[in-house]
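The values are calculated or read from the model by the stated rules, or taken from the named source; none is laboratory data. If you're wondering where the values come from, they're calculated on a predicted model, not measured in any experiment. Glycine gets a Cβ as well: all are built from the backbone with ideal geometry, and neighbour counts include every protein chain shown.
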Amino acid sequence: MHSPSLDTGHDKPNRLVLLLPLLFVVSGTLIRFLAFRYAQPDTDWTQYFDALCRWDCGWYVHMAESGYDTFPVPSRVSAGNWAFFPFYPILVGLIGKVIPLPTIVLASLVSILTAYAAVVAAWPLLGRNIRAYALYAAFILSGPLSFYFTTFFTEVMFVLLTTLVFRFIGRSDYLGAAGAAALLSATRIVGVFASLAIGIKALMDYRATRGTWRGVIGGLLGQPKLVLAIFISPLGFFVYVAFLNYWIGDGLAFSHTQRAWGRMIDNPFIYLWEGLINWPDNGALLSNSQILALAAVTGLVCTVILAIRRQWPAVVFCLFCILIPLAAGLASMLRFMAGMVPVTVTLATLLGRNRAVFAISLLGLIVSAWFVTLAWLGGNVALV
Amino acid sequence: MRLSDRSPLAIYALAAVLALAELAILWQALHPNVSADYRAYYIDRTTTCLPQPVTGAYVLGTELNFRSGGDETRELRPCGWSGPAGDGMHSVGETSRLRFAIGTPQPLTLMLELTGVTLPGPAKQRVVISVDGSKIGDIAVTPDKTERFTLAIPAKALGESGFANIGLDFPDAINPGKRVSNTYWRSVKLTAASLSPAQPG
């Protein structure tokens, strides 16, 4: 992952940067739509958005339409929707008050717009390298996991806001980063760890400027905007906790309700190892557990690469965003890794270095979109 | 006025206000104000059964079929059941509950038709049965064998609420896999139940 330029003019997207993702918006929509028609030939074409809305997507649709559950949960189950952070579904719900479209159609259109914005915003983080940029745009908008970013999941907003956080961090704009981090911390629980990335960047800046760690505490506290940024960055998280205090009487309901899903907290590396050695017994190349574990391993490998490059804010952010969910099991790990900007941007820059590798990777992304979308429509558990 | 134009003191004051607000929210989050049922299930984790509001609508003496395609029993099942399936209503967790409207407290007879699950585990599944929190007996259910169990409920075990809240605790509940939460452990399958006025004598 590259740092943005200190001269903001350098990072301004040119016409190619603005147009290229549109090509992938079209190709991605076409591939997913054709996969839908192939998988469900008897379903009316107008059901396209509904057909792609699977697993947690249904929870987000309900949240956008009806908000948060009371207690006891009206549907008389112990799984309350407090587990899901509010920013993106509530944003879609608010837009829905103005634009009267079916929620899933509106959410899908907002997601595609957000995904497009996230790709364009990532241009500086990709080193302003057109091959890396093309791969990243293809991955988000037309790749095998593009349905996460173009239906109704929080991942797309998480990607946009993480991109903004790291753009601001790259320029040592602590307040800008804190503003994006505040929204990020209301988007997914791990978003709150962007605060740590800002703190690490401040430490690195202090060391780079002074050449010593001496007087670091006073030096950091002596920067009023940094101090303010530290308390702004987790604000979205705290606002949600305050809401749950009011709504349910339990500010940590988002965590407590996980009990209903049967999640067990354990050593993340034990989960990882057990996933890796869980060989398939149905003739498949890889089991679902192995796919999920390999996604986490990919994230960890990219984190090591970031550490070798001394990109410590991204390293700390990645470690928390990988290990905290992993401590509750491998579920959704592929989706979580797909939404990790430092991981996917690093991969895009690596694969974009060589012309031949770039061409093969781009082709692989586009072709695999067809097969993975079919697996998604078929309810493959590894994609949950 | 831009933030950069403000005095450092004003910025520190704003940061202090935010810090205090966040501390207050955190303090409140660490001291939840919730019902006993909520606390037991979500926070203390002392039960796997979170009772849901049900009417308990029931005519005394009616035998109910808990298999799929059988009687509609949702309003009698506050928690701890999964189904119905073709082989009955599966218990989930370490406790399941039933709730029957009974009107005036009187001596009753509870009939349960149960089958033990066939997962690897003990030779018998013990089931401790209670009414309104008072134990009325325990039974042993054999895996893959359907049996009827009859238990007497004395009138004094019933409260004045007009309902009989039947608890089934499963001390031998089986963990169906590695690192599966006890909210998903398995024990018995319920295929039929009734609550009838006790025969005199």
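Tabulated data for the structure shown
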{"quantity": "Residue in region A:276-288 that is within 14 Å of chain B (Cβ to nearest Cβ) and buried (at least 20 other Cβ atoms within 10 Å of the Cβ) present", "calculated": "no"}
{"quantity": "Region A:322-348, residues that are in a loop (DSSP other than H, G, I, E, B) and in contact with a Pro (Cβ under 6 Å, 6 or more places away or on another chain)", "calculated": "A:A327"}
{"quantity": "Every residue from region A:206-239 that is more than 8 Å from chain B (Cβ to nearest Cβ) and in a loop (DSSP other than H, G, I, E, B)", "calculated": "A:G211, A:T212, A:W213, A:R214, A:G215, A:G222, A:Q223, A:S233"}
{"quantity": "Residue in region B:166-174 that is within 14 Å of chain A (Cβ to nearest Cβ), under 19 Å from the mean Cα position of the chain (by Cα) and either in a strand (DSSP E or B) or not charged (D, E, K, R) (or both) present", "calculated": "yes"}
{"quantity": "Unique residue being closer than 19 Å to A:V239 by Cα and either in contact with a Pro (Cβ under 6 Å, 6 or more places away or on another chain) or among the aromatic types (F, W, Y) (or both) when the list is A:F49, A:F87", "calculated": "A:F87"}
{"quantity": "Complete set of residues in region B:162-201 that are touching a Phe, Trp or Tyr at 6+ places or on another chain (Cβ under 6 Å) and surrounded by fewer than 18 Cβ atoms within 10 Å (Cβ to Cβ)", "calculated": "B:N175"}
{"quantity": "So A:A79, is it modelled with pLDDT of 95 or more and either more than 25 Å from A:T150 (Cβ to Cβ) or of a type outside the set (S, T, Y) (or both)", "calculated": "no"}
{"quantity": "Candidates B:P8, B:P32 - the one that is at pLDDT below 95 and farther than 21 Å from B:G162 by Cβ", "calculated": "B:P8"}
{"quantity": "Elements of type helices (runs of 4 or more DSSP H) contained in region A:33-152, each with 3 or more residues being within 16 Å of the chain's Cα centre (by Cα)", "calculated": "A:56-66, A:87-98, A:103-121, A:130-142, A:147-150"}
{"quantity": "Those residues of region B:150-161 which are among the hydrophobic types (A, V, I, L, M, F, W, C) and either surrounded by fewer than 17 Cβ atoms within 10 Å (Cβ to Cβ) or at pLDDT below 95 (or both), in sequence order", "calculated": "B:L151, B:A152, B:A155, B:A157, B:L158"}
{"quantity": "Test: residue in region B:119-130 that is farther than 30 Å from B:L30 by Cβ and touching a helix residue (DSSP H, G or I) at 6+ places or on another chain (Cβ under 9 Å)", "calculated": "yes"}
{"quantity": "Complete set of residues in region A:240-255 that are facing another protein chain (nearest Cβ under 8 Å) and under 23 Å from the mean Cα position of the chain (by Cα)", "calculated": "A:V241, A:L252, A:A253"}
{"quantity": "Breaking point among (1) out of contact with any Phe, Trp or Tyr (no Cβ under 9 Å at 6 or more places or on another chain); (2) in a loop (DSSP other than H, G, I, E, B), for B:A152", "calculated": "(2)"}
{"quantity": "Criterion violated by A:V297 - all others in (1) surrounded by fewer than 22 Cβ atoms within 10 Å (Cβ to Cβ); (2) in a helix (DSSP H, G or I); (3) within 14 Å of chain B (Cβ to nearest Cβ) satisfied", "calculated": "(3)"}
{"quantity": "Some residue of region A:271-292 being under 30 Å from B:R39 (Cβ atoms), assigned to a helix (DSSP H, G or I) and within 27 Å of the chain's Cα centre (by Cα)", "calculated": "yes"}
{"quantity": "Check on A:I31, hydrophobic (A, V, I, L, M, F, W, C) and either more than 21 Å from A:V159 (Cβ to Cβ) or without any contact (Cβ under 8 Å) to a residue 60 or more places away in the chain (or both)", "calculated": "no"}
{"quantity": "Residue within region A:70-79 that is without any contact (Cβ under 8 Å) to a residue 12 or more places away in the chain, β-branched (V, I, T) and within 14 Å of chain B (Cβ to nearest Cβ) present", "calculated": "yes"}
{"quantity": "Residues of region A:354-380 that turn out to be touching a residue at least 40 places away in the same chain (Cβ under 8 Å) and either of a type in the set (S, T, N, Q) or within 16 Å of A:G28 (Cα to Cα) (or both), as a count", "calculated": "14"}
{"quantity": "Of all residues in region A:256-275 being surrounded by 16 or more Cβ atoms within 10 Å (Cβ to Cβ) and among the polar types (S, T, N, Q), the one that is farthest from the other protein chains (Cβ to nearest Cβ)", "calculated": "A:Q258"}
